[in-house]
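J.: My questions will all concern the structure given below.
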Amino acid sequence: MRISFDLDDTLVLGADRPSERPLGWWARRLFPETMRPGARSLLRSLRAHDVWVYTTSYRSRAYVHAWFRVLGVPLGGVVNQYVHERRVGRGGPSKDPAAFGIDLHVDDSEGVRLEGERYGFAVIVVRPDDDGWAERVRAAIAGWR
């Protein structure tokens, strides 16, 4: 199963929100953002699956791959805004996981969920203030058919 995660407000929360323990000082200089509580554990538990990042940000694919490798989470792929625009174009949905062979996308946006209904891709929405988000994602993956 190929699963993608949004970054901003899904895996990475604002500075005013709780986060996981930061990386060591050397890695923090390169990768200053911190993950929301439970993110590393969840992502590491999904190693049997093909885990991707699908973000509308312009972070480089190489940066995201390196960042997640330092976190101990190898990624199968990264779709950033550049890649999305090349494949999907600017007139389509804001995200189109199905265009990249992604079975389930995890995002904070209700708008992305609505686009999923319209364009035919599966989305689970996790709010930034949802403390049980990781278990909801695990349950959705376990129930996937």
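J.: If you go through segment 11-33 one residue at a time, how many are closer than 20 Å to Arg127 by Cα and either free of Cβ contacts under 8 Å to residues at least 12 places away in the same chain or in contact with a Lys or Arg (Cβ under 8 Å, 6 or more places away or on another chain) (or both)? It would help to see each step written out before you state the result.
T.: Initially, segment 11-33 is screened for residues closer than 20 Å to Arg127 by Cα, giving 11-20, 33.
Retained after the next criterion (residues that are either free of Cβ contacts under 8 Å to residues at least 12 places away in the same chain or in contact with a Lys or Arg (Cβ under 8 Å, 6 or more places away or on another chain) (or both)): 11-13, 15-20.
Counting residues in segment 11-33 that are closer than 20 Å to Arg127 by Cα and either free of Cβ contacts under 8 Å to residues at least 12 places away in the same chain or in contact with a Lys or Arg (Cβ under 8 Å, 6 or more places away or on another chain) (or both) gives 9.
J.: All but one of (1) assigned to a helix (DSSP H, G or I); (2) at pLDDT below 95; (3) under 22 Å from Ala134 (Cα atoms) hold for Trp26, so report the exception by its number.
T.: Only one criterion in (1) assigned to a helix (DSSP H, G or I); (2) at pLDDT below 95; (3) under 22 Å from Ala134 (Cα atoms) is unmet by Trp26, namely (3).
J.: In addition: Report whether or not Arg17 is among the basic types (Lys, Arg) and either part of a helix (DSSP H, G or I) or within 14 Å of the chain's Cα centre (by Cα) (or both). If you could, list the steps in order and put the result at the bottom.
T.: Working: among the basic types (Lys, Arg): yes; either part of a helix (DSSP H, G or I) or within 14 Å of the chain's Cα centre (by Cα) (or both): no.
In short, no.
J.: Something else: Of the numbered conditions (1) part of a strand (DSSP E or B); (2) closer than 21 Å to Gly14 by Cβ, Pro128 satisfies every one except a single condition; which is it?
T.: (1)
J.: Here's a follow-up. Tell me, which residue of segment 97-111 that is within 13 Å of the chain's Cα centre (by Cα) and within 17 Å of Asp8 (Cβ to Cβ) is surrounded by the fewest Cβ atoms within 10 Å (Cβ to Cβ)?
T.: The qualifying residue surrounded by the fewest Cβ atoms within 10 Å (Cβ to Cβ) is Ser109.
J.: Which ones in segment 1-19 are crowded, with 16+ Cβ neighbours inside 10 Å and not hydroxyl-bearing (Ser, Thr, Tyr)?
T.: Arg2, Ile3, Phe5, Asp6, Leu7, Asp8, Asp9, Leu11, Val12, Leu13, listed by residue number.
J.: Hey, can you tell me all the residues within segment 50-82 that are β-branched (Val, Ile, Thr) and either surrounded by fewer than 16 Cβ atoms within 10 Å (Cβ to Cβ) or assigned to a loop (DSSP other than H, G, I, E, B) (or both)? So that I can check it myself, show each step before the final result.
T.: In the first step, residues of segment 50-82 are kept if they are β-branched (Val, Ile, Thr); the result is 51, 53, 55-56, 64, 70, 73, 78-79.
Passing the criteria: Thr55, Thr56, Val70, Val73.
J.: Return yes when Arg44 is surrounded by fewer than 16 Cβ atoms within 10 Å (Cβ to Cβ), out of contact with any Lys or Arg (no Cβ under 8 Å at 6 or more places or on another chain) and in a loop (DSSP other than H, G, I, E, B) and no when it is not. Walk me through it before giving the result.
T.: Numbers: surrounded by fewer than 16 Cβ atoms within 10 Å (Cβ to Cβ): yes; out of contact with any Lys or Arg (no Cβ under 8 Å at 6 or more places or on another chain): yes; in a loop (DSSP other than H, G, I, E, B): no.
No.
The values are calculated or read from the model by the stated rules, or taken from the named source; none is laboratory data. All of these numbers come straight from a predicted model, not from anything done at the bench. Virtual Cβ from ideal backbone geometry, glycine too; neighbours counted across all protein chains shown.
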